[in-house]
Structure formats: structure tokens, C-alpha cells
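Enquirer: Got a structure here, written out as C-alpha cells. Questions coming.
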Amino acid sequence: MLKIMSLAMLVRPGACFARSARDALRAAARSAVTTTVEGEPGTESYAQYFVEGGKKISPWHDISLMPEGGDAGVYNMVTEIPKYGLAKMEVDTKGESNPIVQDEKKGKLRFYHGPIFWNYGCIPQTWENPNEEHPELKCFGDDDPIDVVEIGSPPPQAGPPTP
């Protein structure tokens with residue numbers, strides 16, 4: 001369970017946004033989200049898609065910020081890289097349906113130098129504004145969903161949202 005006392009602790013409210021209440025309620029009404037893989041792991045063709053009712057959905061835009069019926073301060077997390085992972089995986093913000101793919105740099109798949117010791121992912125329905133500088137950190141958003149690190153649980157399956 002990912003419990004955050006306030007999303008504002010992560011970034012200033014002006015630096016990110018959550019979809020409108022209508023969109024959040026619609027997304028919260030979603031039922032069983034599963035994933036399906038196309039391509040082979042460790043190749044450029046690998047893509048993990050999110051599926052609901054036989055249709056591909058976006059983990060960034062279509063999964064709710066908070067789990068339906070969840071406690072206040074509990075947010076969904078989309079795990080891109082489970083604990084002990086080596087491959088640098090991320091939600092493809094430019095791809096159709098935003099699948100999880102392996103990141104590339106200069107045409108080569110990216111890997112960590114050793115396993116990471118936390119579950120890494122993003123919070124759906126959020127965005128880091130690349131045009132706004134954080135007043136204390138003096139850095140700009142990266143035009144992606146808010147990154148999140150979860151350190152207290154065993155490695156979950158990459159993909160389906162975890163409250």
C-alpha cells in the first residue's frame with residue numbers, strides 16, 4: 001500500500017495536476033485492469049500494455065489517482081520497475097496507450113549497473129510541469145507523471161496499479 005500524507009509533499013500543487021473530478025471518478029469506476037505483453041523482454045519491441053474489458057487503456061490517464069474506496073492519503077502506483085530490477089523501464093508517454101517499455105539512450109536499451117532496492121513507478125493522473133521551477137530544489141518537471149519510490153514491500157508484478 002502506498003500511503004502519502006499529502007501529494008503536495010512530493011511537488012508543489014502548481015507543478016502538477018490531477019485530472020478533473022469527473023475524469024477521476026470515471027477512472028475510479030474501472031474494474032479489473034490486467035496487462036498483456038507484446039514483444040520479447042530485453043528487446044526494443046517489448047511493450048507491456050494495460051487492458052480493461054478487452055481494450056488497451058493508458059496507465060497514466062485512465063487509472064485513477066486514488067483507489068476506489070481507499071483511505072484518504074492512499075494513492076495508486078503503477079510499478080514500472082519492481083525491486084531488484086535491472087532494466088530501466090518506463091511508461092511511454094508518447095506511445096499510443098502509454099505502455100511500459102524499456103528506456104533507450106542513443107539507440108541502446110538502458111540498464112542499471114546493479115539491481116535497484118525499491119519498487120519504482122509513477123502516480124497515475126499526475127504530471128510534472130517542465131515550465132515551472134521548484135522554488136527550493138531549483139529544478140523543473142520532466143513532462144512525465146510524478147515518479148514514486150516504494151521501499152517497504154516485496155517486488156510486485158510490474159504493471160497493474162498498486163494502492
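Enquirer: Please list, short to long, the whole-number percent of alpha-carbon pairs of segment 66-163 in consecutive 5 angstrom bins beginning at zero.
Expert: P(r) for segment 66-163, in whole percents per bin: 3, 12, 19, 22, 20, 16, 7, 1, 0.
Enquirer: Excluding same-chain residues fewer than 8 positions from K55, which aspartates and glutamates have a Cα within less than 14 Å of its Cα?
Expert: List returned: E96.
Enquirer: Cα to Cα, under 19 Å, and not fewer than 8 places away if on the same chain: which lysines meet these conditions relative to K83?
Expert: Correct list for K83: K3.
Enquirer: Can you list the aspartates and glutamates whose alpha carbon is less than 15 Å from that of K108, not counting same-chain residues fewer than 8 positions off?
Expert: By straight Cα distance, K108 reaches E44, E90.
Enquirer: Could I ask something else about it? State to the nearest 20 debye the size of the charge dipole of segment 119-163 about its Cα centre, where the only charges are +1 on K and R beta carbons and -1 on D and E beta carbons.
Expert: Here the size comes out at about 240 debye.
Enquirer: Please give the solvent-accessible surface of W127 in Å², to the nearest 10, using a probe radius of 1.4 Å with every protein chain present.
Expert: 60 Å²
Enquirer: So how strong a dipole does segment 64-124 carry about its Cα centre when Lys and Arg Cβ are +1 and Asp and Glu Cβ are -1, to the nearest 20 debye?
Expert: On the way: 7 positive and 8 negative charges, 96 e Å.
Using only the charged Cβ atoms, the result is roughly 460 debye.
Enquirer: Provide the gained length on full extension for the span E96 to T43, in nm with one decimal, where the gain is 0.36 nm per separating residue minus the Cα-Cα distance. All intermediate terms of the calculation are to be shown ahead of the outcome.
Expert: Working: separation 53, 0.36 × 53 = 19.08 nm, distance 1.85 nm.
The E96-T43 span can extend by a further 17.2 nm.
Enquirer: So, one more: So what does the Cα-only Debye profile of segment 121-163 read at q = 0.28, 0.34 Å⁻¹, as log10 I(q)/I(0), no solvent term?
Expert: Here log10 of I(q) over I(0) equals -1.01, -1.24.
The values are calculated or read from the model by the stated rules, or taken from the named source; none is laboratory data. The shown structure was predicted, so the numbers you read here are calculated from the model rather than taken from an experiment. So basically every Cβ, Gly included, is an ideal-geometry build from the backbone, and we count neighbours across all protein chains shown. When the accessible area is computed, the model is the full protein with side chains, heavy atoms only, and any ligands, DNA or RNA have been set aside. Shrake-Rupley method; radii C 1.70, N 1.55, O 1.52, S 1.80 Å.
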